[in-house]
Amino acid sequence: MSTVTTREAPSPAPPGLPGTMQALVVTEPSRFEIREVPVPQPGPDQVLARVRAVSICGTDAHLVRGDYPGFWPPAFPFIPGHEWAGDIVALGPGAARYGWKIGDRVAGTSHDACGVCQKCVEGRYNLCENYGVPGLHKQYGHNAQGADATYVVHGVKAVFRLPDGLSYAEGAVIDPASIALHVANRGKIRPGDAVAITGAGAIGLLAGDAALVRGAARVIVLEVNPLRSAKAGAMGFETVDGSVADPAAEVRARTGGLGVDVVLECAGVPAAVQTGLAMLRRGGRCAAVGIPVTGVEVAMQRIVLDELELVGSRATAGEMRHVMPLVEQGRIRVRDVTTHHFALADYGKALATFNDPASGAIKIIIEP
């Protein structure tokens, strides 16, 4: 039987649960398989959950390809997956004192930060200053084993109660919805603002909803894929073909030549960052959540002379609780961005569908 090598030796499964489970194991860049691996045991202040649904994130596709060598993941073999929902089936020592019990429905997020560094104390645990330090910080599915499996262990700081009104599939998109709300918060959108979004993937479309939640008067979505652009239009957003010679000029033309107040950069490619800055009006702000794998040249003269702001937006920092009622109310439409469902055994087909621009895939749900 194959096993997964981790930094910590696997412990026996909790009583009453099977000893092994199925998991997606990435053995090396661009190579993965479904293996039988030991069911992990929750440690202090941790829970073990039965994964009912886990979604594919763009970061997962990069990680499987090996685009972040030695960082995400630190080493192979590795189990990815960080956007998930399920049921608690076992409690580690101390977890019950936080109110958790077996049977609770939960949605997970990736950052399990130290809680004591200055950034954590200030509520910015996504920027934990002990990131990756063994025993102090874990980012599940990135530098710690993830949720593309039948069971997953998470610290109590990284799980949130899933409302009864939300399905597991919807719960698996709560984490990206919270990321979308975080980038809208980082953009400091104000009521009446004109907002442009680069990229109509799941984060971009959910960020469009988050912009409206914050009071944006209009949302313009730039996308090069016609299927995704059509989805943005069907959700009621203005659309611009991002493949035209100068999409920023089109956005400026639609805004009286001034440009938009805020850009949410959700594509993660250098050209999108440059376009995003080019369509800002003076004093505008671009919040970037996409992660380019190569460098980006920016027009520093204009950034200085027009007092533009370019800020990063990493994961989520407290938005999980706030986004759930918005999802329940249909104001952030996770169901609209979910396009495909696959079994864990069909992960290869699911990932190929995710990577195929002609598939129309946006958010793919895996159901172990």
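The values are calculated or read from the model by the stated rules, or taken from the named source; none is laboratory data. Since this is a predicted model, take the numbers as computed values, not measurements. Quick reminder, even Gly has a Cβ in these numbers, built from the backbone with ideal geometry, and neighbours come from all protein chains shown.
Can you confirm whether Thr316 is farther than 21 Å from Gly171 by Cα, at pLDDT 95 or above, surrounded by 14 or more Cβ atoms within 10 Å (Cβ to Cβ) and touching a helix residue (DSSP H, G or I) at 6+ places or on another chain (Cβ under 7 Å)? No; evaluated as a whole, the condition is false for this residue.
Taking strands (runs of 3 or more DSSP E) as the structural unit, those lying wholly within the range 65-165 and holding at least 2 residues that are closer than 23 Å to Glu36 by Cα, modelled with pLDDT of 95 or more and in contact with a Phe, Trp or Tyr (Cβ under 7 Å, 6 or more places away or on another chain) correspond to 83-91, 151-155.
When the residues of the range 303-329 are filtered to those that are part of a loop (DSSP other than H, G, I, E, B) and within 15 Å of the chain's Cα centre (by Cα), the one that is farthest from Ala278 (Cα to Cα) is Gly318.
For the range 143-157, which residues satisfy the criterion of being surrounded by 24 or more Cβ atoms within 10 Å (Cβ to Cβ) and under 17 Å from the mean Cα position of the chain (by Cα)? Answer for the range 143-157, where residues must be surrounded by 24 or more Cβ atoms within 10 Å (Cβ to Cβ) and under 17 Å from the mean Cα position of the chain (by Cα): Ala144, Gln145, Gly146, Ala147, Asp148, His154. Here is a check on your reading of the model: is Ala211 within 20 Å of Gln329 (Cβ to Cβ), aliphatic (A, V, I, L, M) and assigned by TED's automatic domain parsing to the domain that holds Leu264? Spelling it out, Ala211 is indeed within 20 Å of Gln329 (Cβ to Cβ), aliphatic (A, V, I, L, M) and assigned by TED's automatic domain parsing to the domain that holds Leu264. Taking each residue of the range 159-180 that is in the same structural domain as Cys57 (by TED's automatic domain parsing) and looking for partners that are of a type in the set (Asp, Glu) and surrounded by fewer than 20 Cβ atoms within 10 Å (Cβ to Cβ) with beta-carbon atoms closer than 6 Å, six or more apart or interchain, yields Pro163/Glu328; Gly165/Glu328.
Among the residues of the range 264-277, is there at least one that is assigned to a strand (DSSP E or B) and without any contact (Cβ under 8 Å) to a residue 60 or more places away in the chain?
no
Tell me, please, whether a residue that is assigned by TED's automatic domain parsing to the domain that holds Ala158, crowded, with 20+ Cβ neighbours inside 10 Å, of a type outside the set (S, T, N, Q) and within 21 Å of Thr20 (Cβ to Cβ) can be found in the range 59-72. There is no residue in the range 59-72 that is assigned by TED's automatic domain parsing to the domain that holds Ala158, crowded, with 20+ Cβ neighbours inside 10 Å, of a type outside the set (S, T, N, Q) and within 21 Å of Thr20 (Cβ to Cβ).
Residues that are surrounded by fewer than 24 Cβ atoms within 10 Å (Cβ to Cβ), in a loop (DSSP other than H, G, I, E, B) and of a type in the set (A, V, I, L, M, F, W, C) within the range 166-210 comprise just one, Leu166. Can you name the residue in the range 172-196 that is under 19 Å from Met279 (Cα atoms) and among the small types (Gly, Ala, Ser) and is also farthest from the chain's Cα centre (by Cα) among such residues? That would be Gly192.
The set of residues in the range 131-142 being crowded, with 20+ Cβ neighbours inside 10 Å and either free of Cβ contacts under 8 Å to residues at least 24 places away in the same chain or of a type in the set (Ser, Thr, Tyr) (or both) consists of Tyr140 alone. Being modelled with pLDDT of 95 or more, surrounded by 23 or more Cβ atoms within 10 Å (Cβ to Cβ), among the hydrophobic types (A, V, I, L, M, F, W, C) and not in a strand (DSSP E or B) is a property that Val251 has.
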